[in-house]
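See below for the structure under consideration.
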Amino acid sequence: HMMREVSGINELETKLQRKLEIQKIIVVSGDSDESPWVKSELGRAAAEFMKSCLNRGNIIAVTGGSTMAAVANMLSPEFADYELQFVPARGGIGEDVKNQANTICATMADRTASKHRVLYVPDQVSDEMYRSIIKEPEINEVLSLIKSASIVLHGIGDAMTMAKRRKTSDQEIAFIQNGRAEGEAFGYYFNEAGEVVHKVQTIGLQLQDLSNIPNIISVAGGKSKAKAIAAYMNQAPKSTVLVTDEGAATELLKN
Ligand code: F6P
């Protein structure tokens, strides 16, 4: 029975790999839309994969969301030897405190006896504020750490779900809808073809920075995120490793 299950998952991974053409796909059993423990399994698989990429002194940039919170909960003191440093990838873009990158980085550091930095900046900033805020030495230092990260750990969300979860203005909702956005990651909204149709201006990692980061680990599952994952992956760096679940993987292969 076990063998059959494992080979079914392997087949999903292989098929998805062919479809998305990224470096690696890891699929966990179940659908995190339906069972909360599947999200924990996503976290466990992501933590395990991350361990295989680590070198001493690595900087790890992390986004927010409940999936990243699940990854944080799966980190353990065995990571302590690596002397890691966790940094939020972007300024808190409208999440609840427990799902903010700052909080998640603090938990990750706590659980692994590592260091972390915070990025206490407003959700969305004007051009003027952006230009002045990045000159602040404290902020500037965190920004350079983000750019020198060797690992990015990030979530992907359904575009409308994320737009609603953030306090997005009606005008911006219109951009997102008219642009037929499907997925969201790093504050960018992507249509089916992977084109950016809207962007939340905040401090931190920008999409173009990803090309300089050797290890990119995307973690997202649940049938409801299939289109979002497909949209994001249409433009993701080929070096990306996706950790997902059976629910999302099966749905992704239907389209
Ligand atoms: O807001 C941070 C973020 O990582 C988004 O970029 C992403 O869409 C979302 O969280 C994922 O959240 P969740 O894991 O709760 O679905």
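The values are calculated or read from the model by the stated rules, or taken from the named source; none is laboratory data. All figures in this text were calculated on a predicted structure; none of them were measured in a lab. Cβ atoms come from the backbone with ideal geometry, glycine included; neighbour counts cover every protein chain shown. The area values use the complete protein model at the heavy-atom level, side chains included, leaving out ligands, DNA and RNA. Shrake-Rupley method; radii C 1.70, N 1.55, O 1.52, S 1.80 Å.
I26 is checked against (1) in contact with a Phe, Trp or Tyr (Cβ under 8 Å, 6 or more places away or on another chain); (2) surrounded by fewer than 16 Cβ atoms within 10 Å (Cβ to Cβ); (3) touching a residue at least 60 places away in the same chain (Cβ under 8 Å); (4) not charged (D, E, K, R) and fails just one. What number does that condition carry?
(2)
What pairs come up if the first residue lies in the stretch 168-193 and is within 17 Å of G155 (Cα to Cα), the second is away from the ligand (no atom under 16 Å from the Cβ) and basic (K, R), and their beta carbons are under 8 Å apart, counting only those six or more places apart or on different chains?
N191/R180
I'd like the residue in the stretch 158-205 that is of a type in the set (D, E, K, R) and more than 14 Å from the ligand (Cβ to nearest atom) and, out of all such residues, is farthest from V241 (Cα to Cα). Walk me through how you get there before you give the answer.
So the first thing to find is which residues in the stretch 158-205 are of a type in the set (D, E, K, R), and the list is 158, 164-167, 170, 172, 180, 182, 184, 192, 195, 199.
Next, from what is left, pick out any that are more than 14 Å from the ligand (Cβ to nearest atom): 170, 172, 180, 192, 195.
Values: D170: 34, E172: 30, R180: 26, E192: 20, E195: 20 Å.
Among them, the one singled out is D170.
Out of A149, A163, report the one residue that is part of a loop (DSSP other than H, G, I, E, B) and under 30 Å from S239 (Cβ atoms). Walk me through it before giving the result.
Values: A163 fails: part of a loop (DSSP other than H, G, I, E, B).
From the options A149, A163, the qualifying one is A149.
If you scan the stretch 41-68, which residues turn out to be farther than 19 Å from D245 by Cα and more than 15 Å from the chain's Cα centre (by Cα)?
K51, S52, C53, L54, N55, R56, G57, N58, I59
Looking at (1) within 21 Å of V196 (Cβ to Cβ); (2) more than 16 Å from the ligand (Cβ to nearest atom); (3) of a type in the set (D, E), find the lone condition where E83 falls short.
That leaves (1) as the condition not met.
Here are the criteria: (1) more than 12 Å from the ligand (Cβ to nearest atom); (2) modelled with pLDDT of 95 or more; (3) among the small types (G, A, S). Tell me which single one G155 does not satisfy.
The one condition G155 does not meet is (1).
Name the residues in the stretch 180-197 that are out of contact with any Ser or Thr (no Cβ under 9 Å at 6 or more places or on another chain) and either surrounded by 21 or more Cβ atoms within 10 Å (Cβ to Cβ) or more than 21 Å from T63 (Cβ to Cβ) (or both), would you? Let's see the steps before the verdict.
Keep residues of the stretch 180-197 that are out of contact with any Ser or Thr (no Cβ under 9 Å at 6 or more places or on another chain), which gives 180-183, 188-197.
Across the stretch 180-197, the qualifying residues are R180, A181, E182, G183, Y189, F190, E192, A193.
Can you report the number of residues in the stretch 32-84 which are polar (S, T, N, Q) and under 20 Å from A101 (Cα atoms)?
Step one: of the stretch 32-84, the residues polar (S, T, N, Q) are 32, 35, 40, 52, 55, 58, 63, 66-67, 73, 76.
Adding the requirement that they be under 20 Å from A101 (Cα atoms) leaves 40, 58, 63, 66-67, 73, 76.
The total comes to 7.
Which residues, counting only those in the stretch 108-126, are farther than 15 Å from A89 by Cβ and open to solvent by 40 Å² or more (accessible area, probe 1.4 Å)?
Answer for the stretch 108-126, where residues must be farther than 15 Å from A89 by Cβ and open to solvent by 40 Å² or more (accessible area, probe 1.4 Å): D110, R111, A113, K115, P122, Q124, S126.
Need pairs with beta-carbon distance below 9 Å; first residue within 13 Å of F86 (Cα to Cα) and of a type in the set (S, T, N, Q) and within the stretch 48-60, second open to solvent by less than 30 Å² (accessible area, probe 1.4 Å) and not in a loop (DSSP other than H, G, I, E, B); sequence gap 6+ or separate chains.
If the second residue must be open to solvent by less than 30 Å² (accessible area, probe 1.4 Å) and not in a loop (DSSP other than H, G, I, E, B), the pairs left are N58/I151.
Within the stretch 80-96, take every residue that is among the hydrophobic types (A, V, I, L, M, F, W, C) and buried (at least 19 other Cβ atoms within 10 Å of the Cβ) and give me the one that is farthest from A149 (Cα to Cα). Can you show your working first?
Filtering the stretch 80-96 down to residues among the hydrophobic types (A, V, I, L, M, F, W, C) leaves 80, 84, 86-87, 89, 93.
Next cut, buried (at least 19 other Cβ atoms within 10 Å of the Cβ) only: 84, 86-87, 89, 93.
On the way: L84: 11, F86: 9, V87: 9, A89: 9, I93: 20 Å.
Among residues in the stretch 80-96 that are among the hydrophobic types (A, V, I, L, M, F, W, C) and buried (at least 19 other Cβ atoms within 10 Å of the Cβ), the one farthest from A149 (Cα to Cα) is I93.
Condition test on A226, is it under 19 Å from T63 (Cα atoms), open to solvent by less than 60 Å² (accessible area, probe 1.4 Å) and either touching a strand residue (DSSP E or B) at 6+ places or on another chain (Cβ under 6 Å) or at pLDDT 95 or above (or both)? Before you say what the answer is, go through the steps one by one.
Details: under 19 Å from T63 (Cα atoms): no; open to solvent by less than 60 Å² (accessible area, probe 1.4 Å): yes; either touching a strand residue (DSSP E or B) at 6+ places or on another chain (Cβ under 6 Å) or at pLDDT 95 or above (or both): yes.
Spelling it out, it is not the case that A226 is under 19 Å from T63 (Cα atoms), open to solvent by less than 60 Å² (accessible area, probe 1.4 Å) and either touching a strand residue (DSSP E or B) at 6+ places or on another chain (Cβ under 6 Å) or at pLDDT 95 or above (or both).
Condition first: without any contact (Cβ under 8 Å) to a residue 24 or more places away in the chain and more than 30 Å from S52 (Cα to Cα). Now tell me which residues in the stretch 141-161 satisfy that.
Once the filter is applied, which keeps residues that are without any contact (Cβ under 8 Å) to a residue 24 or more places away in the chain and more than 30 Å from S52 (Cα to Cα), the stretch 141-161 yields only M160.
So that you can scan it fast, the table gives a plain yes or no per residue for (1) within 23 Å of N99 (Cα to Cα); (2) of a type in the set (G, A, S); (3) in contact with a Leu (Cβ under 6 Å, 6 or more places away or on another chain):
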{"residue": "A149", "(1), (2), (3)": "yes, yes, no"}
{"residue": "K164", "(1), (2), (3)": "yes, no, no"}
{"residue": "D170", "(1), (2), (3)": "no, no, no"}
{"residue": "A185", "(1), (2), (3)": "yes, yes, no"}
{"residue": "Y189", "(1), (2), (3)": "yes, no, no"}
{"residue": "V196", "(1), (2), (3)": "no, no, no"}
{"residue": "I203", "(1), (2), (3)": "yes, no, no"}
{"residue": "I213", "(1), (2), (3)": "no, no, no"}
